[in-house]
1. Over 19 Å between Cα atoms, which of A:Lys145/B:Lys299; A:Lys100/A:Lys133; A:Lys177/C:Lys100 qualify?
2. Distance between the C-alpha centers of the range A:24-45 and the range B:204-238? Whole Å please.
3. If you find the alpha carbon centre of the range C:30-106 and of the range B:111-152, how far apart are they in angstrom?
4. Under 14 Å from the Cβ of B:Tyr216, count the other residues' Cβ atoms, weight Lys and Arg +1, Asp and Glu -1, and hand me the total.
5. If R₀ is 56 angstrom, what is the calculated FRET efficiency for the pair C:Leu9 and B:Met242, using the beta carbon separation as r and rounding to 0.05?
6. Compute the FRET efficiency between B:Leu45 and C:Ala174 as 1/(1 + (r/R0)^6), taking r as their Cβ-Cβ distance and R0 = 35 Å, and round to the nearest 0.05.
7. In Å, what Kirkwood hydrodynamic radius results for the range C:8-217 from the alpha-carbon pair distances?
8. Project the alpha carbons of the range B:38-323 onto their principal axes and report the range along each, largest first, in whole Å.
Amino acid sequence: MKNSYIGQAWLVIVLSLCFGVALAAVQTALNPKIESNKLRDTIGQIPSLVPGAADGKAETIGGQTVYRAVDAQGQHVGWVIPARGQGFADVIELLVGTDKDVKQITGLYVLKQLETPGLGDFITGDAWRSQFKSKPADVPLVITKTAPKTDSEVQGITGATISSRSVVGIVNGAVEKFRSAVANE
Amino acid sequence: MTDEAKKEEQQAPKAEAAAPVLHVAPGPHAFSTSLTTRRMMFDVLLALVPVFAASLWQFRLYTVIQLVICMVSALLAETLFTAMRKKPILIRDGSALVTGAILAFSLPAKAPWYVGAVGSFVAIGIGKVIFGGLGQNIFNPAMLGRAFVMIAFPAFLGATAYVVPDAAIDGLSRATPLTTLKQLGQNTGLLPLFLGTTNGSLGETSALACLLGGAYLCLRRTASWEIPAGIVSAVAAIAGLMQWLAPVAGWTVLHELFSGALLFGAFYIATDPVTSPLTPRGKFVFGLGVGALVMLIRKLSGYPEGVMFAVLIMNAVVPLINQWTIPTPVGGVVLEKKS
Amino acid sequence: MSNDGPTPLERFINGILPENPVYRQILGICPTLAVSNTMEGALTMAGAVAFVLICSNILVSLIRGLLKPHLRILVFTLTIAAFVTIADRFLAAYMYDMSKLLGPYIPLIIVNCIIIARCEICASKQRLGAAVMDAVGQSLGFMLGLMSIASVREILGFGTWFGKWLGWRVIPAAAPEIWSNWVIMILPPGAFITLGLLMGVMNWIEARSRKARKAVAA
């Protein structure tokens, strides 16, 4: 017995079993809370992204998960499109809010970014993000260095041209893709 | 001054005191007493005069303010850190002044006071004294200080920090030549680049001033001509090749050479005797490396200019270059042992 | 197994300064460098490490008589991995913001050398009391190391101290002509520079106190 494999390894086996059971219990107990945390991160932003929206529910349109924003009475008021793309330092993840005909952008939220602190991370600031409110969704937005003159212009961040250009690029791509997906429905 | 020379200087009085002993010391037995650290450093300061004049003409009072901040902080840092290490304080050799001046000339005119001050303290403290003082440092102290402040305060040293739209000085309201080329594809005339009526770091704008000061340094042998020669030939070769393959209208090899910090870096920064290779051949290789890296960073990275990073990267390679270029000793090749 | 070696109290004191994990053993450098740009991140990381270290030291000390020498590292890793996973899930459930901030560095505690080193050096050889005191001492030492680095980095990098939780501003917000935050302190190079300088300060203090002790003895 002493020299058999079981004799050598029984402690490891017993420990693995105990830990497995313990981890399973922890996971079962905490998973709903973790999932709701994750969901709140996205759904919780919907009222600020689409005017009049109170809640949202996930849907798959054109192979892409989007959120249908509904008001307190359950009326469809807009869409929230998750989008991601390469920034200056790392991948940027965004939520883009649009009205229900995807004619107008109603808001922008940055879920995840690792841009240069003090420069590129200005993309998370309210002042810069609010520029995207009521921009047209059917023409691509462009970055300018000066105050915007036309409807589809967004002023870039001084010293963080690449970060601001990336965000606009991601928004344009996501909106364009979603618009054609909706049109095909 | 080499270590051996220093040792010999220290040993000499002792030998005299113990009179009839035959004194045999390792070479060099004859060395120029005029080639002291102090003389070399003041040579560099003298060579910076044309750069200072051009900068004063272009940026007015900003030059003076930035120079005073950097040089005073560099002297303070040198005193403080050498005192902390209980080493004799050697401010009089002028090396801290040179580091401060070169750092100041590599900053934008409008950089706030703490950029120069923090840069100087990092340059002297982390760049030099930590390694054991002058002669022991691996990296060019001024460039190390600049790299630190560039990452610490990107808003004041990035490409956009150079542009001050409401400045009273005409030059400051435009983007730097390399930035306009990179972002807008516009070219700057050769004459403004040569004379220095463009925007840029304080010391880099005028190619003429850098050439004048650089020629003086090379003639005095304070700087080795092989390094600037290597840098210029590498940049010219790559720029020439690019112009031949994909010509940009109105942008020539000369534009590439005269714009940015290239000439300033080639003559004043890369030639630092402590952080460049020992042999002439090694120096030329070092120069080629810096030039190639500058072009790589200018053309393929997000930065408009790359002299600082190029010099720092090549500094790290210097021990390797020294290994490659060990000169043949007098008397012929050492025969390799057969195994 | 015999129970010689340092007493529980010695283990506790050693962990805090004389054998400080960050400044003396230079272990656990990955989280030390990665999450020390805010006090909140540093404290959460130190708390998670303390939880894992104490739990695994207790467990390993209890089963030390059953350990097979050639399988001990496997048992240590298994134990640590289990407790790290528990800590990670708890953070994700109850401190979601911190969990997002610390990202992969919580699961990476599994490979944090402090814990496996303490299991090997102390818990697998000594009684429960010594193992617990050792874990607490080392955790405090790690927390001290992390918080000292995070203090420097957060104050210079953001101008705040406990900015996310308590909102204390140390350096008043000023116009860019007067003062500005050092972005380099938020980024990884700032971690290396701060760690190096603080380690220098620690060595300097120790050299001085050693000199003072010698002077007293002589």
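1. A:Lys145/B:Lys299; A:Lys177/C:Lys100
2. Computed from Cα coordinates, the inter-centre distance equals 64 Å.
3. Result: 38 Å between the Cα centres.
4. Working: positive: B:Arg39, B:Arg220, B:Arg221; negative: B:Asp43.
Net charge in that neighbourhood comes out at +2.
5. 0.20
6. On the way: r = 34 Å, r/R0 = 0.97.
Calculated value: 0.55.
7. Details: mean 1/r = 0.0549 Å⁻¹.
Kirkwood hydrodynamic radius for the range C:8-217: 18.2 Å.
8. Result for the range B:38-323: principal-axis Cα extents of 58, 47, 32 Å.
FYI, it's all coordinate maths here, none of it is from the lab. No experiment lies behind these values; they were computed from the predicted model shown. Backbone-built Cβ (ideal geometry, glycine too); neighbour counts: all protein chains shown.
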